[in-house]
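Here is the structure we will look at, set down as structure tokens.
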Amino acid sequence: MNVLIVEDELLIAADLVGIVEDVGHRVIAVASSLEQALAHAPRATVALVDIKLADGASGAQLARRLIDRYGIKVIFVTGDPAAVGSSFDGALDIVPKPFTNARLVKALRKAEALVG
């Protein structure tokens, strides 16, 4: 799978990259803003999306665009799962921070089953 990581905290983004690559998927980009994420969206099959982005944009709004415009499978990775709210409609999973490798891998496997 081609995975887009949307996370504004560098250490968390680095952890996500490591886990994604360890299970055999390719990280196409790490984005910290809505604009960056949308620029890379056409190449992604899955996106790991935080709720709060560096530019103040909402990860929930971004997720809606990724799902509707590009058919990307979205997994929220957030410290505030309640903030996902109705944006979860169409998303695959919510992985709460702090996360374990096993929990993130479980969510990635769910996406893998859907995209092949």
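Close amide H contacts of residue 93 (hydrogens built in the peptide plane, cut-off under 5 Å, sequence separation of 5 or more or a different chain): 76.
The lysines within cross-link reach of residue 106, meaning a Cα-to-Cα straight distance under 22 Å and a gap of 8 or more places when in the same chain, are 73, 97. Computed from backbone phi with θ = phi - 60° and the Karplus coefficients 6.51, -1.76 and 1.60, the 3J(HN,Hα) list for the stretch 48-60 is 9, 10, 7, 7, 9, 9, 4, 8, x, 6, 8, x, 5 Hz; x is used for glycine and proline.
Considering only protein heavy atoms and a probe of 1.4 Å, how much of the accessible area of the chain is carbon and sulfur, as a whole percent? Don't jump to the answer; show the numbers that get you there.
Numbers: 2890 of 5600 Å².
Reported share for carbon and sulfur atoms: 52 percent.
Close amide H contacts of residue 29 (hydrogens built in the peptide plane, cut-off under 5 Å, sequence separation of 5 or more or a different chain): 5.
In deg cm²/dmol, rounded to 500, what helix-only [θ] at 222 nm does the chain give when every DSSP H run of at least 4 residues adds -39500 (n - 2.57) and the total is split over its residues?
On the way: 4 runs with 47 residues, N = 116.
Roughly -12500 deg cm²/dmol at 222 nm, from the helical runs in the chain.
Looking at the stretch 60-97, none of the trypsin sites (Lys or Arg not before Pro) sits in a DSSP loop with at most 11 other Cβ atoms within 10 Å of its own Cβ. Per residue, the accessible area of the chain comes to 48 Å², computed with a 1.4 Å probe over protein heavy atoms only.
The phi torsions of the stretch 102-116, fed into the Karplus equation with coefficients 6.51, -1.76 and 1.60 and a -60° offset, translate into couplings of 4, 5, 5, 4, 4, 5, 5, 5, 4, 5, 4, 5, 8, 9, x Hz, rounded to whole numbers, with Gly and Pro shown as x. The charge dipole of the chain, taken about the Cα centre with unit charges on the Cβ atoms of Lys, Arg (+1) and Asp, Glu (-1), comes to about 380 debye, rounded to the nearest 20.
The values are calculated or read from the model by the stated rules, or taken from the named source; none is laboratory data. Quantities reported herein were computed from a predicted structural model and do not represent experimental measurements. Don't worry about glycine lacking a Cβ; one is built from the backbone with ideal geometry, like all the others, and counts go over all protein chains shown. Ligands, DNA and RNA are stripped out before the accessible areas are found, and what is left, the full protein with its side chains, is counted by its heavy atoms. Shrake-Rupley method; radii C 1.70, N 1.55, O 1.52, S 1.80 Å.
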